[in-house]
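Enquirer: A single structure is presented below for examination.
Each reported figure results from applying straightforward, stated rules to the coordinates on display, with no laboratory input. Since the structure is predicted, the reported quantities are computational estimates derived from the model, not experimental observations. As a convention, Cβ positions derive from the backbone with ideal geometry for all residues, glycine included, and neighbour counts pool all protein chains shown.
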Amino acid sequence: MPAPKGPHDAALLELRAFGLALPGAHTKSPWPGHLDLAVNDKTFAYLSLEGDPLHMSCKLPETSEEALMLPGTKPAAYGLGKWGWVAIAFEPEDAIPVDMLREWIEESYRSQAPKALLKQLDPSAGARSAAKKVSAKKAAPKKAAPKKAAPKKAPTKKAAPKKAPAKKAPAKKR
């Protein structure tokens, strides 16, 4: 690892190394000033560059509401917030909660990675997601019993089908 330059570089390098250790993870630079983490070319963490105060955005489908209660957090820009993306920014003097941010990176990775890579990360991931589906079905409200049918009305006369207009007979030749 290169020597840290900025106040948060050590934490940034640790978080980037953690993300890159996940199965199939790689860096992605979609535009200047970014060195983000992606899996199958789908970004799962937007990270600041070395030398800058740390800021990060992750997709947190399970914990975004909780995360947004923390200081320095807000829904991610460019409309990503409505999909559970949370951005956090730190001031140069702030201590970095590396363990919490690692959890965010892993949650975001799990939301973006294909199932085959998730199985490499955690062989029980398939069983866990199946268990979640079963528990969700159990927790789903039961359907109300069907309502009793209203009493049948007396049959009404159906209108007679309309007759097609009669065709004119061809005119007789003289």
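Enquirer: Could you tell me the extents of the range 1-92's C-alpha atoms along the three principal axes, largest first, rounded to whole Å?
Expert: Principal axes ranked by extent give 36, 32, 23 Å for the Cα atoms.
Enquirer: May I pose another question? Output needed: percent of Cα pairs per 5 Å distance bin for the range 47-129, bins running from 0 to the one holding the longest distance.
Expert: Here the calculated profile for the range 47-129 is 3, 14, 23, 22, 16, 12, 7, 2, 0.
Enquirer: With labels modelled as points extended 7 Å from the Cα through the Cβ direction, what inter-label distance (nm, one decimal) is found for ALA21 paired with LEU121?
Expert: The two pseudo-label positions are separated by 1.4 nm.
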